[in-house]
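Undergrad: One structure, pasted below without further comment.
Every number in this text was worked out from the coordinates using simple rules, so none of it is lab data. Being a predicted model, the structure only gives us computed values, none of them experimental. Quick reminder, even Gly has a Cβ in these numbers, built from the backbone with ideal geometry, and neighbours come from all protein chains shown.
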Amino acid sequence: MLQYFIKRIAQLVPTVLGVIFITFSLGYFGPGDPLKHQLGERLPSDPAQLERLRKHYGLDRPFHVQFSSYIGKLARGDMGISIVVQSKRPIRDMLGKALRTSVQLGGAAALIIFVLGIPLGILAAYRKNTWLDYVIVSLAALLPTVPPFVLAPLLLILFVLQLKLLPASFGWAGLFDSRAILPLIILVIGPMLIVVRQTRNSIIEALTQDYVRTARSKGVLEHKVLSRHVLKNAMIPVLTSMGFIISGLLTGSLFVESIFGIPGFGKLIYDGLRAYDYPLILGTTLVGTLIILASNLLVDLLYPFFDPRVQFG
Amino acid sequence: MKTQARSNNLWLDAFKRLVRNRMSMLALIIIVLIVLMAIFGPLLSPYDYTRQDLLNTNQGPSLEHWFGTDELGRDMFSRILWGARTALAVAFISQGISFGLGILLGSIAAYSGGWVDNAIMRFADILMSFPHLLLAIFVSATIRQPILKSFYGVYDRTGWDIFRNTVFIDYFIVFGALAAAGWPWAARLIRGQILSLREQDFVAAAQALGARHWQIIRAHLVPNAIGPIIVSFTAGFGDAMLAESSLSYLGIGIRPPGASWGAMISESLIGWRLHPHLVAVPGLVLAICVFAFNLFGDGLNDALNPRSKVR
């Protein structure tokens, strides 16, 4: 088991380096002079002075030297400073603060997705081809394709303007505030229905397997068949979809947080884009990707607990 | 399996399965409507989609303006029609570039093997480990300046106005961003197809009979790989439309005066309380389109791979 863990973690290293390499080289060759980005209008017009500045920031060094110094800085958590959004503020601090909010929101969303999604999927599987199943399956086909920036205004119109159930509420005062309800619903609804569909399909599949028939014929109670045999096997595909779900939550938070004015990670990406704050865009892209890689690793590490066959692979 | 009248044509069988699937026929009707809207809509649109009428802004639906007017008094119905053209054109062309690159690099990887294969596929893997939209956003933010600069350079040399046209430039940036994020998936699919087909007995038989390389490609690889490619192209089409409208919503895709449903939503979002129809109409149209393409992609998948159906 330990060997498996070490192998999986070691496999991640080249990918992480590759991701850093790609973001760095796009930033190096792409958007033009980094000095212009850092200084904006205060860029000196005197070429000699410009040359001194380039030397000062190490921009005259060849690509591979700059790249290795960038890696060194990253290892110390230094991602440069924001230019426009919060001028001169280290991006690390901005990210840290934003992530504290987003982890609460995203964590709550992930919890709801699995705690509600899996039982609903089981229900649909056991009530296969009844009206309940049809409702769940059609919603699961329809809603995950609706992007958050469409869902948000539609739900605002429905809940706030038409039904008057919720106050029109923007901003953030922690998870246990009425203002968090609508953003959570919007974040949760698509991914949850994906989990429901996934659970339903894999449970229907598992129910046809021989080991279920064997267990039933030996007189094992149905709830034990479910918990001991069906669920454990059916959860493997659901677990696989977890990385995908977290990726969806991250992308969703970009829209939800910007619409509802929640000062989290997604809002930071949005602000960086709106202001064309390139170091911030680079930092959020990199950290967003590392979060996804870490969550995929977590899924990989959880596998052996659900599927004992994995550890020999 | 029940005995059926045997038909020699796999494609005809697939077509029959597709036609029998009521949901995918419904999706197909919606898709045909959207395509017609995109092609002929702008010709039929009652107003110029960029014409502003500041005396009649933010109107509700009426006989003159079926979907009302937006915050600059532009006719919403005309803008929705033009938005259909934008959405379809961007999705089609960016999917085309992604698959073109994917077919090229995927087949190079499959045929050369060794370090070339390794290099291409490792690069693709790394790109696939980025969240799709995040990569598209990052690429579009990165290539905007270089593309602007080179297009202005072309304008200086040729004097062709189109190279200063911001909407035209926006299109190229979106193509670049979506293709950069999309090609690795296509390359992986095509490489896998080629590798698994090459192991098949009929390819070995053809080789044993002395068939040339290109004969095998034409007679065996292309016809067998084309099905999965069509399925994945169609299935990705809705996602490409979503990606375009997401970029436009974020203000880095197709920007005004170009008409994009995503940009229309973001422009009208501030006024959702007073003028809900301005957000609801483009949102619903976008959602219906994406849904239709996904549904049709599923139906196509079931028709071409009848065994893969889960039920």
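Undergrad: So what's the gap between the Cα centers of the stretch A:270-313 and the stretch B:80-115, to the nearest angstrom?
TA: When both Cα centres are located, 25 Å separates them.
Undergrad: Which FRET efficiency value, to the nearest 0.05, do you get for A:L302 and A:R52 by plugging their Cβ-Cβ distance into 1/(1 + (r/R0)^6) with R0 = 51 Å?
TA: 0.45
Undergrad: Continuing with the same structure: For a distance above 28 Å, tell me the whole-number percent of Cα pairs in the stretch A:98-273 that qualify.
TA: The share of Cα pairs beyond 28 Å in the stretch A:98-273 comes to 33 percent.
Undergrad: Per residue of A:287-298, how many C-beta atoms from partner chains lie within 10 Å of its own C-beta, taken as a mean?
TA: Mean partner shielding for this stretch: 2.
Undergrad: Just B:G113, B:G68, B:G83 to compare: in a GNM of chain B, with alpha carbon springs under 10 Å, which one fluctuates most?
TA: In the Gaussian network model the winner is B:G113.
Undergrad: Another one. Answer rounded, prolate or oblate for chain B, using the Cα gyration tensor with square roots of eigenvalues a ≥ b ≥ c: rounded when a/c is under 1.5, else prolate when a/b is larger than b/c, else oblate.
TA: Since a/c reaches 1.5 but b/c is at least a/b, the shape of chain B is classed as oblate.
Undergrad: R0 = 35 Å: FRET efficiency of A:E222 with B:S196, Cβ-based, nearest 0.05?
TA: 0.30
Undergrad: Which chymotrypsin sites (Phe, Trp or Tyr not before Pro) in the stretch A:176-279 sit in a loop by DSSP (not H, G, I, E or B) and have at most 15 other Cβ atoms within 10 Å of their own Cβ?
TA: Within the stretch A:176-279, the qualifying chymotrypsin sites (Phe, Trp or Tyr not before Pro) (loop, at most 15 other Cβ atoms within 10 Å) are A:F176.
Undergrad: Still on this structure, please answer the following. Report the full-extension gain for the segment A:R274 to A:A294: residue separation times 0.36 nm, less the Cα-Cα distance, to one decimal in nm.
TA: Answer, rounded to one decimal: 4.4 nm.
Undergrad: Then there is this: In chain A, how many lysine pairs have Cα atoms under 27 Å apart, counting only pairs 8 or more places apart or on different chains?
TA: Eligible lysine pairs with Cα atoms under 27 Å apart amount to 20.
Undergrad: Taking a label point 7 Å from the Cα of B:R273 along the Cα→Cβ vector, which residues of the stretch A:158-176 have an amide N closer than 19 Å to it?
TA: A:158-173
Undergrad: Still on this model: Within 10 Å, count the other beta carbons around each residue, average over each peptide in A:130-136, B:219-225, and list them highest first.
TA: Most protected by this proxy first, the peptides run B:219-225, A:130-136.
Undergrad: Okay, helix-only estimate at 222 nm for chain A: each DSSP H run of n ≥ 4 adds -39500 (n - 2.57), divide by all residues, round to 500 deg cm²/dmol; what do you get?
TA: After summing the helix terms and dividing by the residues of chain A, the value is -23500 deg cm²/dmol.
Undergrad: Taking loop as defined by DSSP and a crowding limit of 12 other beta carbons within 10 Å, which chymotrypsin sites (Phe, Trp or Tyr not before Pro) in the stretch B:78-176 fit?
TA: B:W160
Undergrad: For chain B, modelled as a Gaussian network with Cα springs under 10 Å, which listed residue fluctuates most, B:V167, B:V35, B:V203?
TA: Looking only at B:V167, B:V35, B:V203, the largest GNM fluctuation is found for B:V203.
Undergrad: Another question, then. Quick check on chain A: take the gyration tensor over C-alpha atoms, sort the square-rooted eigenvalues as a ≥ b ≥ c, and tell me if it's rounded (a/c under 1.5), prolate or oblate.
TA: The shape class here is oblate.
Undergrad: What spacing in nm lies between the two simple spin-label points modelled at B:R218 and A:Q209, each 7 Å away from Cα in the Cβ direction?
TA: Result for the modelled spin labels: 4.8 nm.
Undergrad: Now, a different point. Tell me the label-point distance for the pair B:I162, A:L158, using the 7 Å Cα-to-Cβ offset, in nm and rounded to one decimal.
TA: Between B:I162 and A:L158, the simple spin-label model gives 4.3 nm.
Undergrad: Also: Once both labels are modelled 7 Å past Cα along the beta-carbon direction, what's the B:A204-B:D48 spacing in nm?
TA: Placing both labels 7 Å along Cα→Cβ, they lie 6.8 nm apart.
Undergrad: For the stretch A:139-212, which trypsin sites (Lys or Arg not before Pro) pass both filters: DSSP loop (anything but H, G, I, E, B) and at most 14 other C-beta atoms within 10 Å?
TA: A:K164
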